Amino acid sequence: MQRMGTKCVQAGYTPKNGEPRQIPIVQSTTYKYDSSDDMAKLFDLEAEGYFYSRIQNPTSDSVAAKICALEGGTAAMLTGSGMSAVFLALFNIVSCGDHILSCATIYGGSFNLMSVTMKRMGVECTFISPDSTEEEIRAAIRPNTKLVYGETIANPALCVLDIEKWARVAHEAGVPLIIDNTFATPINCRPFEWGADIVIHSTTKYMDGHASVLGGAIVDSGKFDWNKYADKYPGLTTPDESYHGVIYTEHFGIEGAFINKAICQLMRDFGCTPSPMNSFLLNLGLESLHVRVKRHCENALAVAQFLETHEKVSWVNYASLPGNKYYELAQKYLPNGSCGVVSFGVKGGREAASRFMAELRVASIATHVADAHTCVLHPAGSTHRQMTDEELVAAGVGADMVRFSVGLEDVNDIIEDLAQALDKC
Ligand SMILES: *Cc1c(COP(=O)(O)O)cnc(C)c1O
């Protein structure tokens with residue numbers, strides 16, 4: 001089997017004799033057929049092919065196949081954003097009256113989706129600490145729980161999840177573990193190797209890596225046996241009347257049922273499709289993912305080590321730094337590096353943090369993370385500014401906290417910039 005670097009460059013698309021080396025951008029909504037019969041076979045899932053780009057497009061499919069190879073999955077799809085990947089992955093197997101068990105430290109958008117929007121659909125969600133013991137996780141699973149959810153490295157809390165433990169308890173209860181692997185990327189961690197069943201990504205972050213295109217991906221490990229728990233997952237194991245009575249597990253096998261249901265049914269109905277042009281741009285990012293992620297991690301570790309010794313810095317949170325609460329888990333799951341995001345506290349609280357940020361010249365103030373440009377955010381002064389200092393502490397976002405996404409610039413320039421800004425605050 002080929003190594004990760006080769007898969008980043010080549011997987012998903014193999015041109016035949018005389019065909020374009022780079023993935024063609026199929027910028028077409030529709031596809032032409034010679035007869036209605038040819039078309040009917042596609043609708044009946046008797047033949048493979050494209051008929052409408054809301055459902056599937058060859059450019060996007062090639063890129064999905066690359067991400068599938070990187071994660072070691074059996075089937076994958078792209079979506080128009082990370083949030084639509086999260087939503088489709090969840091809604092593919094939960095309905096009104098069902099329950100989701102999630103880690104509490106997940107991305108704010110995913111937290112809102114589950115706690116507010118999906119609640120309106122009659123789906124209940126409970127949130128527990130990523131550090132919960134097996135007993136605590138087990139106790140939180142209910143008869144109507146349909147999935148367990150967490151992030152390899154939480155954004156922005158930067159906790160590392162003990163994936164093996166969470167997978168073990170989920171499987172005991174007969175439900176899949178869905179992992180958001182956005183911050184780690186498959187370069188640093190492949191959750192399927194630790195028992196996760198479905199992986200999702202916001203490709204907007206390191207996979208694109210240039211702050212250019214929003215996107216998401218869902219990948220199936222093909223290992224969760226939906227048929228064994230057929231009563232719990234009727235959407236996958238009984239006829240879909242809205243799609244010519246197809247039974248997804250029968251037609252696509254357990255390795256293809258999840259993704260094909262999400263494409264045939266949910267993509268058809270929600271239409272959160274990526275544009276072929278954006279899929280093409282995402283692929284350019286993926287071609288250098290292995291090179292970039294390595295550099296992001298080297299730069300971030302150097303930044304974390306510098307901050308740790310600085311007198312104006314009260315604390316540093318980076319899982320690959322010895323002494324971090326998650327250092328041992330990071331060594332197990334992320335031995336080659338964790339991610340490029342570091343958080344830290346500036347002595348002097350809210351005001352000192354604002355003064356420090358205003359002095360930065362290389363790092364720019366932006367809500368984004370995980371791209372080539374170093375960027376910085378002071379949550380208490382921006383995304384969380386309506387909260388009091390007490391509320392901020394309860395949310396795990398202290399008034400002094402700075403989130404620093406280390407980019408691909410020369411690390412000496414990044415550190416010099418930090419040093420001069422800290423001197424002035
Ligand atoms: C950004 C992000 C998302 C949402 O992705 P979008 O592409 O912004 O919709 C989901 N999960 C994590 C961990 C993220 O960082």
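Okay, here's what the table says:
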item: Theoretical ellipticity at 222 nm over the chain - DSSP helices of four or more residues, -39500 (n - 2.57) apiece, nearest 500; result: -10500 deg cm²/dmol
item: Length-normalised contact order for segment 7-106 - Cα pairs under 8 Å, 6+ apart - percent; result: 28
item: Long-range HN-HN contacts of ALA184 with modeled amide H, under 5 Å; result: ILE153
item: Heavy-atom accessible area per residue - the chain, 1.4 Å, Å²; result: 42
item: Phi to ³J(HN,Hα) by Karplus 6.51 cos²θ - 1.76 cosθ + 1.60 over segment 236-241, Hz, x for Gly, Pro; result: 9, 10, 10, x, 8, 5
item: Under-5 Å amide H pairs with VAL94, H placed in peptide plane, nonlocal only; result: none
item: Mean separation of Cα contacts under 8 Å, 6 or more apart, over the residue count of the chain: relative contact order %; result: 15
item: Relative contact order [Cα under 8 Å, 6+ residues apart], segment 182-306, whole percent; result: 23
item: Per-peptide average of other Cβ atoms within 10 Å, ordering 224-236, 65-77 highest first; result: 65-77, 224-236
item: Whole-Hz couplings from phi, Karplus 6.51/-1.76/1.60, listed for segment 24-34; x for Gly and Pro; result: x, 8, 8, 8, 9, 6, 10, 9, 9, 10, 7
item: Gyration tensor (alpha-carbon) shape descriptor, segment 192-255, a/c threshold 1.5; result: oblate
item: Fluctuation leader among THR59, THR133, THR79 - the chain, Gaussian network, Cα springs under 10 angstrom; result: THR133
item: Ordering of 310-321, 171-182 by packing [mean C-beta count within 10 Å, highest first]; result: 171-182, 310-321
item: Residue with peak Gaussian network fluctuation, the chain [Cα springs, cutoff 10 Å], from ASP98, ASP410, ASP61; result: ASP410
item: Share antiparallel - DSSP beta bridges, the chain, percent rounded to 5; result: 60
item: Stretchable slack from GLN386 to ASP44, in nm (0.36 nm times residue separation minus alpha-carbon distance); result: 117.8 nm
item: DSSP beta bridges in segment 63-187 [antiparallel fraction, %, rounded to 5]; result: 5
item: ARG168 versus LYS228: modelled label distance in nm, points set 7 Å from Cα along the beta carbon direction; result: 1.7
item: Virtual paramagnetic centre 7 Å along Cα→Cβ of ARG3, amide N under 19 Å, in segment 182-200; result: 186-190
item: For GLU255, net neighbour charge (Lys/Arg +1, Asp/Glu -1) across residues whose Cβ lies under 14 Å away; result: -3
item: Virtual spin-label span in nm between ASP34 and GLU311, 7 Å along Cα→Cβ; result: 8.2
item: Packing-based ranking, highest mean first, of 299-307, 35-43 given that Cβ atoms within 10 Å are counted; result: 299-307, 35-43
item: Choice from GLY340, GLY97, GLY195 showing the highest fluctuation, given a GNM over the chain with Cα pairs closer than 10 Å; result: GLY97
item: ARG142 paired with PHE111, simple spin-label distance in nm, labels 7 Å along Cα-to-beta-carbon; result: 2.1
item: Net +/- balance of residues flanking ASP61 in space, Cβ distance below 14 Å, scoring K and R +1, D and E -1; result: +1
item: Cα gyration tensor, segment 1-132 - rounded (a/c under 1.5), prolate or oblate; result: oblate
item: Axial C-alpha extent at least 15 Å, average Kyte-Doolittle at least -0.5 - helices from the chain (DSSP); result: 58-71, 276-287, 289-308, 411-423
item: Spin-label zone in segment 43-87 - amide nitrogen under 17 Å from a point set 7 Å from the Cα of HIS244 along the C-beta vector; result: 43-53, 55-56
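The values are calculated or read from the model by the stated rules, or taken from the named source; none is laboratory data. In this text, all values refer to a predicted model and were calculated from it rather than measured experimentally. Cβ: placed from backbone, ideal geometry, glycine included. Neighbour counts: every protein chain shown. Keep in mind that these areas ignore ligands, DNA and RNA; they rest on the heavy atoms of the full protein, side chains included. Shrake-Rupley method; radii C 1.70, N 1.55, O 1.52, S 1.80 Å.
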